[in-house]
Protein chains: 4
Amino acid sequence: MLSFDCDYVAGAHTKVLQKLVETNLESLSGYGEDVYCKSAREKIKKACNCEDADVYFLTGGTQANLVIIASLLDSYEGVISADTGHINGHEAGAVEYTGHKILALPHHDGKIFAEEIEKYIKTFYENDSHSHMIFPGMVYISHPTEYGTIYSKNELEKIYEVCKKYEIPLFIDGARLGYGLMSKESDLTLPDIAKLCDVFYIGGTKVGALCGEAVVFTKNNTPKNFVTRVKQHGALLAKGRLLGVQFDALFSDNLYFEISKHAIEMAEKLKSVLKEKGYRFFLESPTNQQFVILENKKMDELRKNVSFCFWEKYDENHSVVRFATSWSTKEEDVEKLRKIL
Amino acid sequence: MLSFDCDYVAGAHTKVLQKLVETNLESLSGYGEDVYCKSAREKIKKACNCEDADVYFLTGGTQANLVIIASLLDSYEGVISADTGHINGHEAGAVEYTGHKILALPHHDGKIFAEEIEKYIKTFYENDSHSHMIFPGMVYISHPTEYGTIYSKNELEKIYEVCKKYEIPLFIDGARLGYGLMSKESDLTLPDIAKLCDVFYIGGTKVGALCGEAVVFTKNNTPKNFVTRVKQHGALLAKGRLLGVQFDALFSDNLYFEISKHAIEMAEKLKSVLKEKGYRFFLESPTNQQFVILENKKMDELRKNVSFCFWEKYDENHSVVRFATSWSTKEEDVEKLRKIL
Amino acid sequence: MLSFDCDYVAGAHTKVLQKLVETNLESLSGYGEDVYCKSAREKIKKACNCEDADVYFLTGGTQANLVIIASLLDSYEGVISADTGHINGHEAGAVEYTGHKILALPHHDGKIFAEEIEKYIKTFYENDSHSHMIFPGMVYISHPTEYGTIYSKNELEKIYEVCKKYEIPLFIDGARLGYGLMSKESDLTLPDIAKLCDVFYIGGTKVGALCGEAVVFTKNNTPKNFVTRVKQHGALLAKGRLLGVQFDALFSDNLYFEISKHAIEMAEKLKSVLKEKGYRFFLESPTNQQFVILENKKMDELRKNVSFCFWEKYDENHSVVRFATSWSTKEEDVEKLRKIL
Amino acid sequence: MLSFDCDYVAGAHTKVLQKLVETNLESLSGYGEDVYCKSAREKIKKACNCEDADVYFLTGGTQANLVIIASLLDSYEGVISADTGHINGHEAGAVEYTGHKILALPHHDGKIFAEEIEKYIKTFYENDSHSHMIFPGMVYISHPTEYGTIYSKNELEKIYEVCKKYEIPLFIDGARLGYGLMSKESDLTLPDIAKLCDVFYIGGTKVGALCGEAVVFTKNNTPKNFVTRVKQHGALLAKGRLLGVQFDALFSDNLYFEISKHAIEMAEKLKSVLKEKGYRFFLESPTNQQFVILENKKMDELRKNVSFCFWEKYDENHSVVRFATSWSTKEEDVEKLRKIL
């Protein structure tokens, strides 16, 4: 069975796992105070070209989202997000569990734009009874988005300007950040990302690690006593080394970017195979997730030989499905897929 | 200055206040255990023709909404509501503060319909990854709605059938219930309401009381230790008599219905005045709130002599405004308004 | 039946109720923006001799406690309180429901002292692993305490010095503040209270009002968007006038202090009756609550003619019971009690 | 530097890591639905001799505690715990963050007893105003406790009887369960544990794994939609295999018990060294944590060559410190310690 259903089917990249093996029996401090966490932090700060950055390691995306959002919002504030944002639909109400409303805006292929965000905020403040409403307290976007699309540098700059104008933080969910940065269509670098938001995270779970997201506060703006907040959410690993060692490996020798690039190359190959075979794309994605519209019969037939992800109903007879590549996708698997499609 | 801006401009109906005066120096038990609370409960049960009802008194609508919703939902459940629902936009995120997501459906003049609710629930359960999503755990509607519209008996029956089919409770916010029941277009009675939902409340704050909402659990289904839950939300009045006495008066001699009817008569008069003067209605409301579209210049001019409520922007040059009547509206004020319009 | 069981058995003081009657049909703004709220605020600020004060009205003590505490604490902070503090034992976990731990210290007749508070805070910061613990984020005391005892000016000054030293706010629960200030043993005035804490409230529910507590932030330190926070907790009355009018009456012509003084005089009379009859006091209380130790048989016998409050078991054969006076206690009732005891 | 400061200084046991390496590139389902999670579940159920068990994997102890407690309690319920319980002092208020009060009882070397628990519950229900208090909703104990002590089978049976009598669940925190079960003084087996509580977890983080706790609901009593609850807390790993593979290895060939036994042997050796050298024990612990009282000067001197954990101040000149062994402790290190002490 060929596997194209998601970007977390394999364990860790060999070099990441190798580093876990090599360091396994060393006696290290707990709770993220070990030498590998420290080293990984320094490498990430350097890769971000951001002296004011503070780096923390969490285990997964939903956890990172809820800890960051709950730490940055006051109780009467909510977070602006695309209605398709992962926090709005696929995290079991984790943000609301921390007491905060998600202020959902209609998306455009997964994205929201500066003008819409500003319009929402202006309308809020113009409303006579806004003191009875949830204040817009931060903006959440993901890069790439749920639909694999990416923001241009100009789009991101404009969003960040709105955030600064209204003095609310911009948070970028980078669960698949490597795949966004390595997209052939991207004009954003990691230092750009660090410069153009207040906090973001570098996804490890979907990009080469067993688990782990590196949260980067970029403007000397880490919430007070952040470690205690992390602990309070049950998100502080006793053996923080598990995350530090992995990110130390990922940010050595450009590994994070190399393996992200591989996933993009596989996605480009996949795209050309899909196009060649006449598949109809649901939207144009320049990253590792590709969405096509299949006749339901065809979908059922294909499923016998390849796993992919049902995304949503298109109409009575058609479905939108997702094929995902990742750092672990093999070129030969794409070739095999060509024969099946 | 004529006052048509809302339905809570005056204190209490004279008979309600009179009863507070008469009983003022009696030594009574606290926390809702006094004789007037008991009497009011019995009168309300009788008016609802509902033997299985349990009645509790809370001070306001937002409080009633959050206490009821938090008491009925499990942590992974959210509440289905019209996107214009009061809980979704005008309660400062009170429901989210208790940890629960509001699952907003597009409204039709403030209403949502059985078919849409069922479609939402079915789509949810058909989704392969619904275990990563918030479960639809109850349905919230208000009657009348935010736009003054009301449900027909048939519409309500169909909504309640869907709720029973999927085993989730139906909750009716009745902050203005009297004005809905007394509407000339209503085919619903108070016993119908009690029969066709799991919990609702009878608004007092906007219908003759200084404060107070009578929460009715209709099917022997009061959440366990409900008084403790109320206390936990800071919603248990030491002098529960304040609410008991008022509802006892409101449910004596048909008072609640009489004064509601008066508000409707005033609203009908107001409507005919507005029509006569050629005003353009934003929508057709059969209750005490009337929405008209005004040119902005006209709006500013009118404001010199009459207070009303800006509702929303209609276009660059026009606004939607609300005129509200209530139990305390005087016929002469509507006449005075006729001269101003 | 004579009633000495609590200080909320009657409705409102006649002058308070009278003012509600007089103003009842005036058209007033909602949500605490009416003229009576404004007037009451000014009178309270003046009575506190505190130009930097901001005053808000809430309906009850538990509500005031949870709203204030949740507004002032960060998520990783808890509130230091006597273990007998009302928030710790008798508010159904309202503070914890908002996410905050109560850091309970052993009480001395209901009180805690500056030295103990400082020791707790110092020990916390000296602990190597305090980043895994709840930070002491504020101090809560009540005045009078649950046992009717009061702080001296010197004791309060020392507590406030500790709070300022560690930069955490001091919050005084004044549900029975009038009875504390009018105690013959009190050397504290209302301006002293305002000066020696960051926030406190003046209890109305137990001192002459139907309901209502006047929350006073004393140092230009109202939490940002406090009205929205209040709304979020379901604690914002639509007809804020209900509270404004009552406090306006209570702070006219020294009424709040006069009626508090009456309760103290009744308590002193009650005390002398109890002493005269040879009753054994559980502790020495200088305010309106008196605690005596009764043989269980005697307790059951007395209950036939007078209501009082069982407080706690003393030993197998004895109980601690509370007799409370209030603004509504009549001298003749104390005389009648003399005959019964 | 010799390391005796805690039981999470090393990575994973070699066999555990080896299994991660072997399975690393297999394509597996996410979110705990992979074959290794399934296999581990079966092995654990078998080791527990408990057909009604449901097993879930979480990453750490605080996370397990908060997810389990929040899932089992209703909003007005709290959890009974020793005042020294990990949840009460060292989890940054994680339980309170979920809205629940911890009802702390005085400990006896870390333990609480059936009689005390029953007395607390009885007193609660006898209190006239218990509806204004937090209900005792479950009992939390840890085995071993924070002080390394263990419950006897008889003690545990009696606690569980009280829980069943009052129909509240018993939850055993087993972060160090292996070290408790392998203690020479233990008369409890893993099947006993499964039988004598409603839910417990088998600690992996401190016993051979990189991270991971296996939560076992023992009576067909998993909270409804538990996976969604886990997701809501940000506690659902995308690559659930990380936990499944590790527990599959730990529960193969008796590994979990063998390595726990090793830690106990090292602890016994450590104890005899400490005794031989005349050290004064703070209490008698039969597990992997040993507490001794050191003169502060001696403590500072020792620290140059061996790391251990400061526990608490004993008096002005003495401190309580903890030496911990684990599965990774080497016999030669204990020998080296002998020379240093």
Residue in the stretch B:41-62 that is modelled with pLDDT of 95 or more, touching a strand residue (DSSP E or B) at 6+ places or on another chain (Cβ under 6 Å) and among the acidic types (Asp, Glu) present: yes
Identity of the residue in the stretch C:18-63, within 14 Å of chain B (Cβ to nearest Cβ) and touching a Lys or Arg at 6+ places or on another chain (Cβ under 6 Å), that ends up surrounded by the fewest Cβ atoms within 10 Å (Cβ to Cβ): C:LEU28
Number of positions in the stretch C:196-210 that are at positive phi and within 7 Å of another protein chain (Cβ to nearest Cβ): 0
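Tell me, which strands (runs of 3 or more DSSP E) wholly within the stretch A:265-334 include 1 or more residues that are at negative phi, of a type outside the set (Phe, Trp, Tyr) and at pLDDT 95 or above?
On the way: elements: A:289-295, A:309-315, A:318-324.
Where strands (runs of 3 or more DSSP E) fall fully within the stretch A:265-334 and carry at least 1 residues being at negative phi, of a type outside the set (Phe, Trp, Tyr) and at pLDDT 95 or above, they are A:289-295, A:318-324.
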Residues that are crowded, with 24+ Cβ neighbours inside 10 Å, small (Gly, Ala, Ser) and outside any helix (DSSP H, G or I), drawn from the stretch A:233-249: A:GLY234, A:ALA235
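For C:GLU22, indicate whether it is at negative phi and part of a helix (DSSP H, G or I).
Judged against the criteria, C:GLU22 is a match.
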Total residues in the stretch B:1-10, condition more than 18 Å from the chain's Cα centre (by Cα) and either more than 7 Å from chain C (Cβ to nearest Cβ) or modelled with pLDDT of 95 or more (or both): 3
Every residue from the stretch D:219-230 that is free of Cβ contacts under 8 Å to residues at least 12 places away in the same chain and either under 14 Å from D:GLN63 (Cα atoms) or in a loop (DSSP other than H, G, I, E, B) (or both): D:LYS224, D:ASN225
Looking only at the stretch C:85-105, and only at residues there that are of a type in the set (Val, Ile, Thr) and not in a helix (DSSP H, G or I), the one that is nearest to C:GLY234 (Cα to Cα): C:THR98
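Return the residues of the stretch A:147-184 that are in contact with a Lys or Arg (Cβ under 7 Å, 6 or more places away or on another chain) and hydrophobic (A, V, I, L, M, F, W, C); say none if nothing qualifies.
The first filter runs over the stretch A:147-184 and keeps only residues in contact with a Lys or Arg (Cβ under 7 Å, 6 or more places away or on another chain), leaving A:149, A:151, A:175-176, A:182.
Once the filter is applied, which keeps residues that are in contact with a Lys or Arg (Cβ under 7 Å, 6 or more places away or on another chain) and hydrophobic (A, V, I, L, M, F, W, C), the stretch A:147-184 yields A:ALA175, A:MET182.
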Hits in the stretch C:289-336 (condition: crowded, with 17+ Cβ neighbours inside 10 Å, in contact with a strand residue (DSSP E or B) (Cβ under 6 Å, 6 or more places away or on another chain) and closer than 20 Å to C:GLY180 by Cβ): C:GLN289, C:GLN290, C:PHE291, C:TRP311, C:ARG322, C:PHE323, C:ALA324
So B:PHE257, is it closer than 30 Å to B:VAL35 by Cβ, surrounded by fewer than 21 Cβ atoms within 10 Å (Cβ to Cβ), among the hydrophobic types (A, V, I, L, M, F, W, C) and at pLDDT 95 or above: yes
Single condition D:LEU237 does not satisfy, out of (1) within 13 Å of chain A (Cβ to nearest Cβ); (2) in contact (Cβ under 8 Å) with a residue 12 or more places away in the chain; (3) farther than 25 Å from D:LEU25 by Cβ: (3)
Total residues in the stretch A:253-292, condition closer than 30 Å to A:GLN18 by Cβ and either among the aliphatic types (A, V, I, L, M) or in contact with a helix residue (DSSP H, G or I) (Cβ under 7 Å, 6 or more places away or on another chain) (or both): 13
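If only one of C:HIS132, C:HIS143 is touching a His at 6+ places or on another chain (Cβ under 9 Å) and of a type outside the set (Val, Ile, Thr), which one is it?
On the way: C:HIS143 fails: touching a His at 6+ places or on another chain (Cβ under 9 Å).
On inspection, the qualifying residue turns out to be C:HIS132.
Give me the residue from the stretch B:27-46 that is touching an Asp or Glu at 6+ places or on another chain (Cβ under 6 Å) and of a type outside the set (Gly, Ala, Ser) and, out of that set, nearest to C:ALA209 (Cα to Cα). Working first, answer last.
First pass over the stretch B:27-46, keeping only residues touching an Asp or Glu at 6+ places or on another chain (Cβ under 6 Å): B:28, B:36, B:39-40.
Those still in the list that are of a type outside the set (Gly, Ala, Ser) too: B:28, B:36.
Working: B:LEU28: 15, B:TYR36: 18 Å.
The residue in question is B:LEU28.
Criterion first (charged (D, E, K, R) and without any contact (Cβ under 8 Å) to a residue 40 or more places away in the chain) does B:LYS271 satisfy it?
Values: charged (D, E, K, R): yes; without any contact (Cβ under 8 Å) to a residue 40 or more places away in the chain: yes.
Yes; evaluated as a whole, the condition is true for this residue.
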Single residue of D:LYS184, D:LYS224 found to be within 19 Å of D:THR149 (Cβ to Cβ) and among the basic types (Lys, Arg): D:LYS184
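Here are some residues: D:VAL16, D:VAL9. Which one is part of a helix (DSSP H, G or I) and among the β-branched types (Val, Ile, Thr)?
Numbers: D:VAL9 fails: part of a helix (DSSP H, G or I).
Among D:VAL16, D:VAL9, only D:VAL16 is part of a helix (DSSP H, G or I) and among the β-branched types (Val, Ile, Thr).
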Qualifying residue in the stretch D:253-270 (condition: over 21 Å from the mean Cα position of the chain (by Cα) and within 22 Å of D:ILE44 (Cα to Cα)): yes
Count of residues meeting criterion [farther than 30 Å from A:VAL230 by Cα and of a type in the set (A, V, I, L, M)] in the stretch D:46-62: 2
Residue within the stretch A:219-228 that is within 14 Å of chain D (Cβ to nearest Cβ) and surrounded by 24 or more Cβ atoms within 10 Å (Cβ to Cβ) present: no
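Against the condition in contact with a strand residue (DSSP E or B) (Cβ under 9 Å, 6 or more places away or on another chain) and either free of Cβ contacts under 8 Å to residues at least 40 places away in the same chain or not in a helix (DSSP H, G or I) (or both), how does B:ASN65 come out, does it pass? Before you say what the answer is, go through the steps one by one.
On the way: in contact with a strand residue (DSSP E or B) (Cβ under 9 Å, 6 or more places away or on another chain): yes; either free of Cβ contacts under 8 Å to residues at least 40 places away in the same chain or not in a helix (DSSP H, G or I) (or both): no.
In short, no.
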Residues within the stretch C:64-101 that are more than 14 Å from chain B (Cβ to nearest Cβ) and among the β-branched types (Val, Ile, Thr), tallied: 3
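The values are calculated or read from the model by the stated rules, or taken from the named source; none is laboratory data. Quick caveat, the model's predicted, so the values are computed rather than measured. Because the Cβ atoms are built from the backbone with ideal geometry, glycine has one as well, and the counts that use them run over all protein chains shown.
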